[in-house]
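Everything on this sheet refers to the single structure shown next.
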Amino acid sequence: MVGIMKLCIPLLVTFFCVVLPSVLGAWKKSCVSRDDLLIEECWGQPNVEECTRKCSKTLKCEDRTKTCCWTYCGNICWENDKS
């Protein structure tokens, strides 16, 4: 009985610490669509103040009137006028 327990404990620890989190992580990553990860270039030259308004990690902006776009200072939330 003790020999079986010595074998089961490392297997259970491996399962809960390695296998289960990797499976759950892969499931969580598949919930984000690829279209949400594509952003456009900012049209124009943002100033220093506008470069401080960064997008979130999910490429979303707190202000709904702004969109996440990329520029020389990184991904920023900006009113993207293409005119």
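A few points about this structure:
- For the pair E62 and L38, label points projected 7 Å from Cα toward Cβ lie 2.9 nm apart.
- Packing, as the average of other Cβ atoms within 10 Å across residues, places the peptides 40-53, 64-77, 6-19 in the order 64-77, 40-53, 6-19, highest first.
Values quoted throughout were computed directly from the atomic coordinates according to the rules given, and no laboratory measurement underlies them. It should be emphasised that the depicted structure is a prediction, and the values quoted were computed from it without experimental measurement. All Cβ positions, glycine included, derive from the backbone under ideal geometry; neighbour counts span all protein chains shown.
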